[in-house]
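J.: Quick one: this structure, given as structure tokens, is what I'll be asking you about.
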Amino acid sequence: MPILITFVWIGLGLALQVILFNHLPLFGGVVLSYLYLVLRLPVDWNRNLQILAGFLVGLIVDIFCNTPGLHALACSTTMWMRVPLLHMFIVQDDIKNGCPTYHRLGFSIFSKFLLSMLLLHCVVLFLVESFTLFNFLNLILKIVMSVILSFLVLWVADMANTSK
Amino acid sequence: MLLILRFFTKNGPFFTWLVLAVFSIVLLCQTNPYHRSVWFGSANVVSGGVCSAVDGVTGYFNLRTTNMELMERMAQLEEENLSLRSELQQWLDNDSTSDLRKELPYSFIVAHVVNNTITQSENYLVLNRGEADSVKVGMAVANQRGVVGLVSKVSKHYAQVISVLNPKLQLSVCLQHEQSAGTLIWDGESPMYARLEDLPRNVVYEVGDTVVTSGYGVSFPRGVPVGRISELISSSNNNNFLSFRVELFTHFDRVNDVYIIQNNQPCPF
């Protein structure tokens, strides 16, 4: 049953992205709420499945944005690096079961983990999207704003979801 | 053999990622929006359906301004219609032999926008009209304010439109009072502005001049409003062309209802 709830939450993040955040540019960045996947998918899952889940979520966002392959590439890359990145911050045994939530990791590790995940995702996403460094300042602004906005939204979502 | 197998199982996640990444890149490299499969775009049955359902709720938000704009446009057209009608009557009175009952060159299909982006670097719209409503690839799309885009893909009940806010769309446009045409390209910076390029140097212009479609392409009739010149970008001496920043008339953040322009004249090619 818990896995079903996980899917519902990930689906909710995805739906919010497609319905709301795709149409809502804020201070030059975009909120990436579908990355709630990074926080909700259990870490002890088979890593191949994690990457595949990332790919599918990315592909669904792609279909609604008309950017076939773009989000899928960025998302599967993010999910591939997820477990190695998490291990950089904590000892392996600490995350044997469940998700990397705020309550489990504490603010410092949680924010380090989420920020680096978001940064990786945004850099891949926006670099591939523009394919050039022509509009460099614009690109940096987009990456930084998107990371900050997404961090705030995902953090609030995680707090609200796990405080019960 | 065992060694190879062990190599693969040990690096499993890497190979999964590699396969998916290659697949994504193959999808990404189909750069031509006309050649992409309709299944990976927002005009397919499922995503089109989701977008229309969402639009059923959000579609009401801008109705007041849209209504106002439509009323203004209608009044303007009514005026034009009356003056043209009286002119036509004069012609008919003078010369009754001329055949003016020919088929009109363009007809319009009214459509509703169910999905629209302005934040991407390549933007598309989805309309709730498709093959079943005789929409075809390449038809022009405009609204009461000005140009919107060109139909790039059609499924049974939905059409995908490549927006003016997409560098892959290049429109042939000209100044209202001039014949020589230039190209309208979006530079990806602001959804309010696009660039008008390759206009010959000898063109007489003023800031604030109206830019309209030139009618040299097959899709757009001449004279559909595009925007107004906001500033000159470059006119260096070793360049024989002018380029301008154009403030677009169409507000792409509130495009709700559009018309698809069908060209009834047979294509000369």
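The values are calculated or read from the model by the stated rules, or taken from the named source; none is laboratory data. Predicted model only: the values in this text are computed from it and were never measured. When we count neighbours, we look across all protein chains shown, and the Cβ atoms used for this are built from the backbone with ideal geometry, even at glycine. Ligands, DNA and RNA are stripped out before the accessible areas are found, and what is left, the full protein with its side chains, is counted by its heavy atoms. Shrake-Rupley method; radii C 1.70, N 1.55, O 1.52, S 1.80 Å.
J.: So which of A:His23, A:His71 ends up being within 10 Å of another protein chain (Cβ to nearest Cβ) and surrounded by fewer than 22 Cβ atoms within 10 Å (Cβ to Cβ)?
T.: A:His23
J.: State whether one or more residues within the stretch B:104-120 are over 29 Å from B:Trp186 (Cα atoms) and out of contact with any strand residue (DSSP E or B) (no Cβ under 8 Å at 6 or more places or on another chain).
T.: Yes, the stretch B:104-120 contains a residue that is over 29 Å from B:Trp186 (Cα atoms) and out of contact with any strand residue (DSSP E or B) (no Cβ under 8 Å at 6 or more places or on another chain).
J.: Between B:Asn128, B:Asn115, B:Asn166, B:Asn123, which is in contact (Cβ under 8 Å) with a residue 40 or more places away in the chain, more than 14 Å from chain A (Cβ to nearest Cβ) and among the polar types (S, T, N, Q)?
T.: B:Asn128 is the lone residue from the list that is in contact (Cβ under 8 Å) with a residue 40 or more places away in the chain, more than 14 Å from chain A (Cβ to nearest Cβ) and among the polar types (S, T, N, Q).
J.: Looking at the structure I just gave you, is B:Val203 surrounded by 12 or more Cβ atoms within 10 Å (Cβ to Cβ), β-branched (Val, Ile, Thr) and under 23 Å from B:Gln144 (Cα atoms)?
T.: no
J.: Could I ask something else about it? Count, please, the residues in the stretch B:202-238 that happen to be of a type in the set (A, V, I, L, M, F, W, C), in a loop (DSSP other than H, G, I, E, B) and more than 14 Å from the chain's Cα centre (by Cα).
T.: So the answer is 3.
J.: Can you tell me which residues in the stretch B:153-201 are among the hydroxyl-bearing types (Ser, Thr, Tyr), in a strand (DSSP E or B) and more than 27 Å from B:Cys51 (Cβ to Cβ)?
T.: B:Ser172, B:Thr183
J.: Run down A:Val30, A:Val57, A:Val61, A:Val38 and say which single residue is at the interface with chain B (Cβ under 8 Å from one of its Cβ atoms) and buried (at least 19 other Cβ atoms within 10 Å of the Cβ).
T.: Just a single option satisfies the conditions, and that option is A:Val30.
J.: Which condition breaks for A:Leu105 when tested against (1) open to solvent by 20 Å² or more (accessible area, probe 1.4 Å); (2) touching a residue at least 24 places away in the same chain (Cβ under 8 Å)?
T.: (2)
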